[in-house]
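Quick notes on the structure that follows.
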């Protein structure tokens with residue numbers, strides 16, 4: 001699974017996710033990536049793209065929940081990501097996600113042993129990572 | 001004027017023994033995609049929606065990660081790709097599933113959002129829409145890499161048929177529930193089959 005989240009200079013957020021799904025999956029299986037609010041979500045506040053165990057991400061409506069806890073619990077982006085990864089993945093669910101907010105923050109979180117990720121911000125911060 | 005920012009991912013859940021040269025290859029692709037998006041945002045000639053599509057197309061076209069070329073295989077050895085894109089300003093979105101010939105699923109998802117009365121098209125309807133829209137379509141062989149044929153073989157040998165991983169393991173001999181406390185398993189599969197994922 002691959003994904004990208006962006007906020008541009010006008011503060012507009014967008015998210016995109018694309019995948020081949022799971023190895024050895026049943027024909028006809030739909031995962032989280034195309035399901036808005038689970039694998040992908042964007043609103044005026046933020047944009048999120050998820051990856052990992054699709055069925056757990058679907059059950060946890062992971063992407064929408066990051067936006068929801070920002071909106072209703074007034075959490076900052078990284079706090080919202082940490083909360084959702086910690087609280088919304090049910091027993092044993094393995095996933096990761098990347099996020100940007102409309103004020104130019106980036107954040108990510110995962111409960112797997114690693115996630116292929118990269119990010120850059122206007123004030124010069126850049127990161128490319130795999131492991132914890 | 002706000003500040004731009006971009007993040008990309010290539011999948012979570014990685015074989016702890018992933019060879020270093022594979023790790024470097026993945027990092028190079030991630031860096032290339034972050035730079036591609038950042039330079040588009042810096043010059044401000046592309047919107048956030050344009051940039052996420054541009055970057056995911058780049059990721060789909062490189063076989064390093066599980067999407068587009070290099071997609072993993074179903075139990076029948078076929079490719080079924082899916083994608084979605086969402087515009088935060090108006091909360092519009094487009095999604096596709098069950099694609100087996102479209103080179104860039106993310107661009108078809110955007111066309112569903114912008115050129116169809118719907119938000120989500122799947123399988124034969126999505127392929128038909130792709131032909132109408134004239135998007136680039138490939139022979140199935142383009143998507144199937146030797147790596148993925150090998151990983152499907154491994155998955156089958158692990159007898160990991162993917163059901164809802166919460167089904168109790170007793171009495172369902174052909175179902176592998178993920179051992180939540182077993183870090184080397186994910187979704188009923190040994191982590192090693194998720195090498196590029």
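Where a number appears in this text, it was derived from the coordinates with a stated rule and is not lab data. This one's a predicted model, so the numbers in the text were calculated from it and none came from an experiment. Glycine also receives a Cβ, built like all others from the backbone with ideal geometry; neighbour counts cover every protein chain displayed.
Estimated from the Cβ-Cβ distance and a Förster radius of 25 angstrom, the FRET efficiency linking residue B:43 and residue B:78 is about 0.05. Taking the longest Cα principal axis of chain A as reference, the axis of helix A:62-72 is set at about 40 degrees.
May I ask you to sort B:138, A:115 by Cβ crowding, counting other Cβ atoms within 10 Å and putting the fewest first?
Values: B:138 14, A:115 25.
Fewest-to-most Cβ neighbours within 10 Å comes out as B:138, A:115.
With the alpha-carbon atoms of segment A:27-132 aligned to their principal axes, the span from lowest to highest coordinate is 44, 31, 24 Å, starting with the largest.
If the chain linking residue B:28 and residue B:137 were pulled fully straight, counting 0.36 nm for each residue of separation and taking away their Cα-Cα distance, it would gain 36.6 nm.
Could you line up B:33, A:13, A:50, A:43 from fewest to most neighbouring Cβ atoms inside 10 Å? Write out the running numbers ahead of the final one.
Details: B:33 25, A:13 29, A:50 35, A:43 21.
The order, fewest Cβ neighbours first, is A:43, B:33, A:13, A:50.
Taking 0.36 nm per residue of separation and subtracting the current Cα-Cα distance, fully stretching the chain between residue B:1 and residue B:159 would add 51.5 nm.
Secondary-structure-derived ellipticity at 222 nm for chain A, considering helices only, amounts to -6500 deg cm²/dmol, per-run term -39500 (n - 2.57) for DSSP H runs with n ≥ 4.
In this label model, residue B:20 and residue A:73 are separated by 4.1 nm, measuring between points 7 Å along each Cα→Cβ vector. With bins 10 Å wide beginning at 0, the percent of Cα pairs of segment B:53-120 falling in each bin runs 23, 49, 24, 4.
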